[in-house]
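I have placed the structure first, in the form of structure tokens, so that the comments after it can refer back to it.
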Amino acid sequence: MNYIPNILFVLALVAGVGYFTKNIRKVIRNIRLGKDVDRSDNKGERFKNMAMIALGQSKMVRRPVAGILHIVVYVGFIIINIEVLEIIIDGIFGTHRVFAFLGGIYDFLIASFEILALLVFVGVVLFWIRRNIIKLKRFWNPEMKGWPKNDGNFILYFEMVLMTLFLVMNAADLQLQDMGADHYIKAGAYPVSQFISPLFDGVSEMALIIIERTAWWLHILGILVFLNYLYFSKHLHIMLAFPNTYYGDLNPKGKIDNLEAVTKEVMLMMDPNADPFAAPADDQEEGEPEKFGVSDVTDLNWVQLLNAYTCTECGRCTSECPANQTGKKLSPRKIMMDTRDRLKEVGDNIDKNGSFVDDGKQLLNDYISPEELWACTSCNACVEACPVSISPLSIIIDMRRYLVMEQSAAPMDLNNMMSNIENNGAPWPFNQMDRLNWSKE
Ligand code: SF4
Ligand code: SF4
């Protein structure tokens, strides 16, 4: 018996899954570069959010056309990949359609995979048309040039090719089954590929076997390539949407957490018994003053970094952002993309040098400008719009805190307002004594 195909299959499988695992470990390592934040509370509510938002895609359907298409493509793609289990067993042991013994259930499964494959194909074509022919505005913002634009299309091509290969494989298989070819047992129902199968009428048995085997191999290799492509793509959200929605912020949207470092300082000032020489916090070097706010990705917490890896670049946040709508430089999607790009850069630096070596860059200024940060109205529209519970606002607020508290670099209007609050107890430039002047007349 010829075992070469089985050996090649196992090698491809080990290489594909191994490389994927290596890269996922990098993602986890990078996310752990973030500061600690406690999200171990309210497990029930967190599970519910994950089930509703990530699995049920409840926020996607707020825009029904895109939402329903996304559900079709997502559910279809996931279910069809159950077929991969059979492919893996067949590949390793040299069997063919190993689950055929399930009889009617097998027929039902293959028939539903085929219908879903067709729906996924149609859904993906419609997505492509929205992106490239109708040119929806949110896919053509300035940050969507180069790789982000190509990435969005590559994944659509990938899915079209994978679905086509799946149907061609079945169509050739069906012809071989009808011919009574060796090895090709009668199994499965083929409501879609039965219409492709007549294209192979008159094709010799040997040629059909070559077509079927080629489609089979390209299909499984394509899936392994797809799996590894995720690491380099926004499509990592297929997996990360689950932990991201689970660890989302449960506070009411308008609530902004106090900065722990500032709270500590204030408590110290107000506590007459406080020990000014108390030991520093766990993550703080002795003698190192505590840093207020965020200037680079390692100042963010791990949930914010998880947010950055999960961003789907859908642009719903940017399309709802009043600052962006009124022509300001801010795009909340870009905030997330920049954070992820910088985090990857820091991760690559660590891979290259063993630990992070200062590269003279940081998230602030090199990626995100103060102009973008100060354009935000903190309205939360982006957070509300995000289909996977990401908060660009929390990053914006933390970076502003750095500008104000570490660099005293707030815009002039804000500085005036803060001085007024300090001097007059109100944001306006009037003495407290004059407050009731308006009532004199
Ligand atoms: S919170 Fe800021 S970034 Fe988000 S939508 Fe409002 S203005 Fe835009
Ligand atoms: S932050 Fe959310 S809404 Fe904005 S682009 Fe990313 S996934 Fe889409």
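Things to note:
- Cβ screening of the chain for cysteine pairs under 4.7 Å finds these without a partner: Cys311, Cys314, Cys321, Cys376, Cys379, Cys386.
- Estimated FRET transfer efficiency (Asp271, Val61; beta-carbon r; R0 60 Å; 0.05): 0.75
- Karplus-based coupling profile of the range 36-47, in residue order and whole Hz: 6, 8, 8, 10, 9, 7, 6, 4, x, 5, 5, 4, with θ = phi - 60° in 6.51 cos²θ - 1.76 cosθ + 1.60 and x standing for Gly or Pro.
- From the alpha carbon centroid of the range 1-61 to that of the range 69-130 is 20 Å.
- Full-extension gain in nm, Glu345 to Met412, via 0.36 nm per residue minus C-alpha separation: 20.8 nm
- Accessible area expressed per residue, the range 169-230, with surrounding protein chains retained (probe 1.4 Å, Å²): 46 Å²
- Using a probe radius of 1.4 angstrom, the carbon and sulfur fraction of the accessible surface of the range 260-429 is 53%.
- The H on the amide N of Lys35, modeled in the peptide plane, is under 5 Å from the matching H of Leu300, Asn301, Trp302, each at least 5 residues off or on a different chain.
- Once the 1.4 Å probe is applied to the protein heavy atoms, the range 260-429 comes out at 50 Å² accessible per residue.
- Of the accessible area of the range 21-145, computed with a 1.4 Å probe over protein heavy atoms only, carbon and sulfur atoms account for 72 percent.
- At an R0 of 41 angstrom, the distance between the Cβ atoms of Ser378 and Ala189 translates into a FRET efficiency of 0.15.
- Dipole magnitude of the range 260-429, debye to nearest 20 (Cβ charges: Lys/Arg +1, Asp/Glu -1, about Cα centre): 920 debye
- Residue order by solvent-accessible surface for Val161, Val37 is Val161, Val37, largest first, with ligands and nucleic acids left out and a 1.4 Å probe.
- Mean residue ellipticity (222 nm) of the chain, computed from DSSP H runs ≥ 4 via -39,500 (n - 2.57), nearest 500: -18500 deg cm²/dmol
- For the chain, radius of gyration divided by Kirkwood radius, i.e. Rg to Rh on alpha-carbons: 1.09
- Translational diffusion coefficient (Stokes-Einstein; Kirkwood radius from C-alpha pairs) of the range 260-429 at 4 °C, 1.567 mPa s, in µm²/s: 72 µm²/s
- Longest to shortest principal axis, alpha-carbon extents of the range 329-410, angstrom: 41, 34, 19
- Among Gly94, Gly76, Gly44, residue whose mean-square fluctuation peaks in a GNM of the chain (springs only between Cα atoms under 10 Å): Gly44
The values are calculated or read from the model by the stated rules, or taken from the named source; none is laboratory data. Fair warning: this is a prediction, and the values are worked out from it, not measured in the lab. Glycine also receives a Cβ, built like all others from the backbone with ideal geometry; neighbour counts cover every protein chain displayed. Protein only, heavy atoms only, side chains kept; ligands, DNA and RNA dropped before computing areas. Shrake-Rupley method; radii C 1.70, N 1.55, O 1.52, S 1.80 Å.
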